[in-house]
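Quick notes on the structure that follows.
Any read-out appearing in this document is the output of simple, stated calculations on the displayed coordinates, not a laboratory observation. Only a predicted model underlies this, so the values are computations on that prediction, with no experimental measurement involved. Note that we place each Cβ from the backbone using ideal geometry, even for glycine, and neighbour counts take in every protein chain shown.
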Amino acid sequence: MATAYVLINCEFGSEDEIQQELKRLPEVEEVSALYGAYDIIVKVTAETMDKLKEIISWNIRNVDKVKSTLTMIVIEKPFAARHSSFAQA
């Protein structure tokens, strides 16, 4: 399984419209609006790295009113502190 977080800059005032369109993609697990340098963050998961790249390149980046993206590909599974020996100390 391949996972990435995509930060999106969009045209002013188009955040809600873009979020709704992204939520229609089956590979999109989470969509949130942000304050700061980027407007939206998206968590995307696919069966393979090639499929992940395809979704980001051809689906997310081509959404109308998306100005730019920054993709961060996850290289490891999330760290779950509550299950580690550190959390028990």
Legend entry - 5 angstrom amide H check on Ile40, placed H, neighbours 5+ away: Ile8, Leu34
Legend entry - Candidate values [x] 1.44; [y] 1.22; [z] 1.08, label of the one derived for Cα Rg over 2.2 N^0.38 Å: [y]
Inset, instruction - Report the local net charge at Glu21: Lys and Arg +1, Asp and Glu -1, summed over other residues whose C-beta lies under 12 Å from its C-beta. - result: -1
Inset, instruction - Using Cα positions and a limit of under 21 Å, work out the lysines in reach of Lys23, with same-chain residues fewer than 8 apart set aside. - result: Lys43, Lys51, Lys53, Lys65, Lys67
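Could you tell me which GluC sites (Glu not before Pro) in region 3-83 are loop residues by DSSP with no more than 16 other beta carbons within 10 angstrom of their beta carbon?
Working: sites: Glu11, Glu15, Glu17, Glu21, Glu27, Glu29, Glu30, Glu47, Glu54, Glu76; in loops: Glu11, Glu27, Glu47, Glu76.
Sparse-neighbourhood loop GluC sites (Glu not before Pro): Glu11, Glu47, Glu76.
Within region 1-44, list the trypsin sites (Lys or Arg not before Pro) lying in a DSSP loop whose Cβ has at most 15 other Cβ atoms in a 10 Å radius.
Values: sites: Lys23, Arg24, Lys43; in loops: Arg24.
Counting only loop positions with at most 15 other Cβ atoms within 10 Å, the trypsin sites (Lys or Arg not before Pro) in region 1-44 are Arg24.
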Inset, instruction - Identify the chymotrypsin sites (Phe, Trp or Tyr not before Pro) of region 1-79 meeting these criteria: DSSP loop state and at most 15 other C-beta atoms within 10 Å of the C-beta. - result: Phe12, Tyr35, Phe79
Inset, instruction - Sticking with the crude label model, points 7 Å out along Cα→Cβ, report the distance from Glu76 to Arg61 in nm, one decimal please. - result: 2.8
Inset, instruction - Just need the relative contact order of region 2-88 here, percent rounded to a whole number, with Cα pairs under 8 Å and 6+ apart. - result: 41
Legend entry - Hz values of 3J(HN,Hα) by residue in region 36-46 - Karplus curve (6.51, -1.76, 1.60), Gly and Pro given as x: x, 5, 10, 9, 9, 10, 10, 9, 10, 10, 9
